[in-house]
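**Q** One structure is given below, represented as structure tokens, and several questions about it will come after.
Just so it is clear, none of the values below were taken in a lab; they were calculated from the coordinates. If you're wondering where the values come from, they're calculated on a predicted model, not measured in any experiment. Backbone-built Cβ (ideal geometry, glycine too); neighbour counts: all protein chains shown.
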Amino acid sequence: MTLKTFNLPDVGEGLTEAEIVQWRVVPGAAVSVNDIICEIETAKSLVELSSPYEGTVSELLVPEGETIEVGTPIISVEDGTGPSGGGGSGDSAVTAPTSGAAPRLEGSNGRDAQVPAEESAGSEAGSATEGQVPVPEMPGELAGPQADGPATVTGGHSAAGGDAASGAGPAARRGETAPGSGPADPVPGPLVGTGPKADAVKRRPRKAPSAPARAVSAAPAAGHRDRSDDRAAGSLQPPVDGQSTVTVAPAPPTSVGPGTADRQQVPSATPAPSASISAQGRVNPLNQLINRVLAKPPVRKAARDLGINLADVPATGSAGEVTKQDLMSYQSQRDAEQDGADSFWSERKLLGGDRIERIPVKGVRKATARAMVQSAFTAPHVSIFVDVDASRTMEFVKRLKASRDFEGIRVSPLLILAKAVIWAAARNPSVNATWSDDEILVKHFMNLGIAAATPRGLMVPNIKDAQDLSLKELALALNELATTARAGKTQPAQMQGGTLTITNIGALGIDTGTPIINPGEVAIVAFGTIKQKPWVLDGEVIPRWITTLGGSFDHRVVDGDLSARFMADVASILEEPALLLD
Amino acid sequence: MNGGRLPTAEFEVEEVERAARTAGLGQDRQAEPGMLRILDPEGRLADGMTAEIAGELVDFAPYLSTSDAPHLLSLYRDMYLVRRFDQESTALQRQGQLALWVPLTGQEAAQIGSGRAMEAQDYAFPTYREHGVALTRGVELSEILRLFRGVTNGGWDPRERNFHLYTLVLAAQSLHAVGYAMGIQRDQLADPSLPQAASVAYFGDGASSEGDIHESMVFAASFDAPVVFFCQNNQWAISVPSTVQTRVPLAKRAEGYGFPGVRVDGNDVLAVEAVTRWALEHARTGRGPVLIEAYTYRMSAHTTADDPTKYRLSGDEQEWRTRDPLARLETYLRSAGLANDAFFEGLAGEARVMASDLRAAVLSMTAPDLESRFAAVYAEPHPLVQEELRFFQQYESGFADEGKHA
């Protein structure tokens, strides 16, 4: 004997729940396939459920009057025969004296099929037809079920009564089928929960992630990443949930979406920044598809014709796709870069005789503008400057370049500055924070942003958990970040979650400036160019390698003394890198 | 009745309906003159059946099979089996084994009669309720349930039995039927040795309100296409009574398109068969389309997701029960001495086996695997689809309950 349970099916289209109105069987009663076992009420109708099994009712698992979800077990039947004993009521037809007749019509009183057979032999054909299979009621034909009083039901208390009333069928069947019945074959589960809603309610559990190990190895594939996040990133805005859902949804649950704060809590034993958590999303082979650059065919063709790699174009479409506009603005920007300045003054003809060229503001330009305005006019900026003798930094860099350890690694003063900023931030934690009107969120990690001019415009990718990196790792991270940015392939995830930014204006030969804080952060350091200048040392004017550090701070968080201490700390490292050893 | 009033809600529809009835407008339409019938609800067989169609008197004697006893028994058998099939399928849906079921009970005569009138070369375009027609065309009944179990988008190869796939879009199949009929015309021109054939467009009174029906009838008339429009007027467009949408009998609409329309008692399998045979011959022989309105009744719900007690009176159902298509033929067969208890008992036994086999077949149906879905997109492997397949495989394999959800 096997115990089988019957789960509440979705009897409508997309129903999620139903109420058990009345049980038509009691524990101990014999049921055969298609015998009515209960009546349920759904949002759509009152229907009767019939038994898929033959056997003895073992237990009613849900009391009358209770509303339950589709898929909930409602009855268990101890079973002798398999469910394929189908239409199983055949037995009843054999045992009951019948005059063969048409299958009875379904109707509100159709249950009279289960009326004892004797009444029917000579009765008018077409009316109730005796000994017939206890076929199920048709749906919804339950007008006044109580009034109709199904013959088989006896108030649900007496199984014996129920059996008797339903004719010889069930009793005979029980007698016949119990012996010699083998265990049933495994039955496919009912198709419960076919509706969209029912599906949406429950999520299938995902496997525990096994990704991290592979994540590292697959890290070189960093070039491919979720395009859908381009918009979020391109706009330099704090990530918006909706924009990152594309990545998050198919990834294992532990793969934290880009920009989610708790990502930072993950111990970052990862050797390279490219393997930081955001890498998980991109190394997952699933993402190959997700990372496909989305674009409509005409845009693809146009890109091909123009020789533009769609992956380079910032996407702003609502589904993360590259739109025609994106392509056109990318192309005009590219053209603008390529066009020589020679003809600038004379090329008025191209502008239709107009002396003013109108460049639509969109894409990265627009995002940058928005971010800058937001920052400049919500965060009260305080900027301070300090001149630094970076001669020892230059020597240090020189030695590093020569060292075997750093062979093949590009080392620049920026590396020392980055290290200095990390070091100084630990001594002045408030600079590594976020202002949120009622709280100051001090980050105990450093996602160090590096502002970079890229083919796509200004980008601020950051190095995740930079505080954990050794000097060499930091150098590698800076190199990769620069390479990626120059190639225009900086990915959204790399730009999210920054905590403090360095802008290396020195690379362009500029001494200093007043940088604007990256939204979401409270400090930014501008690294001016390093060049030999006359410097007074011990009362003598001598040429030294001098640079100017500029810093802008959000005064809501960082007061003047703190910003000064921070800048002084950074400057002290540039003056004496050996302090890093403390 | 307040004819100028548009029904805006269901209760108002009912009011309008009741008003029409009390005014005597819609009273017992089956008694209206012009409905062809040879076997009445009491099981009495009339001597003959004639009708004036499109101005000429048609005697249906050549199309009637009333004297062919084995044929009558086989008609009964088909109706009996398909009703049993319907009941078992409903039960399977209630037990969670089918996603949905579309009952046909009450319409057996209309379907078996018209289906049996077809020749092998004719082609039927069904709705989603034509289980009886499917049976007459030799479609394996369990294949129909594959569709309703959701393991296939089709279920059978329509070309094998000249029985098109179920069409779930209301009335779309009538366009297909007319197009097919026009194709037959062209095939005939190219190869006159082909057997004469026609197509049959099945639809219901509800679908008759769809634009597709209008367009297909205009085309059929314009080209004298060999098509029979077979409308089962089962009185209910889901919850809307047919009296709301058909102010004149449906069969009369054909007049407006310029081809004959006939109303036949859809619960009289003999009359349906004869009228359909006549109509098919009419169509095959180049005389153009015919509309048949089989006046019948949907004794059950629209689908298993529907509850007819919410919109119709049990009194109506009771009234129609007396016109049960199986009952009247059984009565006739018994009274004429053509069948005895043994026949009916044997049939009941056959039906039980069928039901049991059907249940077993349904329970053993398995969902097609993932690859087959992707393989159905293009005839040949396609790189994008292959990539999507790999993605989906990855996605699926990420679930802890791997394989259980298929």
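**Q** Can you sort B:SER142, B:SER67 by how many other beta carbons sit within 10 Å, fewest first?
**A** Ascending number of Cβ neighbours within 10 Å: B:SER67, B:SER142.
**Q** At 0.36 nm per residue, minus the direct Cα-Cα distance, what do B:ASN153 and B:VAL353 gain on full extension? Give it in nm, one decimal, please.
**A** 69.3 nm
**Q** Across chain B, where is the longest run that never hits trypsin sites (Lys or Arg not before Pro) in a DSSP loop with at most 11 other C-beta atoms within 10 Å?
**A** B:6-246
**Q** What per residue convex hull volume, in Å³, do the alpha-carbon atoms of chain B yield?
**A** That works out to 176 Å³ per residue.
**Q** Simple spin-label model, 7 Å along Cα-to-Cβ: A:GLN532 to B:ASP191 in nm?
**A** 9.7
**Q** Taking the alpha-carbon centroid of each part, what is the distance from the range B:119-153 to the range A:14-54 in angstrom?
**A** The range B:119-153 and the range A:14-54 have Cα centres separated by 29 Å.
**Q** Measuring from a point 7 Å past the Cα of B:LEU384 along Cα-to-C-beta, which residues in the range A:300-321 have an amide N at less than 17 Å?
**A** A:300-305, A:310-311, A:319-321
**Q** Once label points are set 7 Å from the Cα along Cα→Cβ at both A:LEU579 and A:ALA487, what is their separation, rounded to one decimal in nm?
**A** Modelled inter-label distance: 3.7 nm.
**Q** Would you mind calculating the relative contact order of chain B from Cα pairs under 8 angstrom and at least 6 residues apart, reporting the percent as a whole number?
**A** 21
**Q** Further question: Per residue of B:325-333, how many C-beta atoms from partner chains lie within 10 Å of its own C-beta, taken as a mean?
**A** 4
**Q** On to the next question. Enter the mean number of other protein chain beta carbons within 10 Å of the beta carbon of each residue in B:352-364, as an integer.
**A** Per residue, the average neighbour count from other chains is 6.
**Q** Among B:SER209, B:SER193, B:SER174, which one moves the most in a GNM of chain B with springs linking Cα atoms closer than 10 Å?
**A** Ranking B:SER209, B:SER193, B:SER174 by mean-square fluctuation puts B:SER193 first.
**Q** Right, next: Rank B:ALA342, B:ALA361, B:ALA327 by mean-square fluctuation in a GNM of chain B with C-alpha springs under 10 angstrom and give only the top-ranked residue.
**A** Result: B:ALA342 has the largest fluctuation of those listed.
**Q** What is the calculated FRET efficiency for B:VAL248 to B:SER74, with r their C-beta to C-beta distance and R₀ = 30 Å, to the nearest 0.05?
**A** FRET efficiency, B:VAL248 to B:SER74: 0.25.
**Q** Can I ask one more? Would you calculate a helix-derived [θ] at 222 nm for chain B, using -39,500 (n - 2.57) for each DSSP H run of n ≥ 4 and dividing by the full residue count, to the nearest 500?
**A** Value at 222 nm, helices only, nearest 500: -14000 deg cm²/dmol.
**Q** Report the Cα centroid-to-centroid distance between the range A:496-519 and the range B:37-104 in angstrom, as an integer.
**A** 86
**Q** Could you calculate the FRET efficiency of A:ARG300 with B:PHE223 from 1/(1 + (r/R0)^6), where r is the beta carbon distance between them and R0 is 60 Å, rounded to 0.05?
**A** 0.90
**Q** Assuming a ≥ b ≥ c are the square roots of the Cα gyration tensor eigenvalues, decide whether the range A:432-507 counts as rounded (a/c under 1.5), prolate (otherwise, with a/b larger than b/c) or oblate.
**A** Since a/c reaches 1.5 but b/c is at least a/b, the shape of the range A:432-507 is classed as oblate.
**Q** How many partner chain Cβ atoms sit within 10 Å of a residue's Cβ in peptide A:12-25, on average, as a whole number?
**A** Mean shielding count: 1.
**Q** Considering only the other residues whose Cβ falls under 12 Å of the Cβ of A:ALA425, what net charge follows from Lys and Arg at +1 and Asp and Glu at -1?
**A** +2
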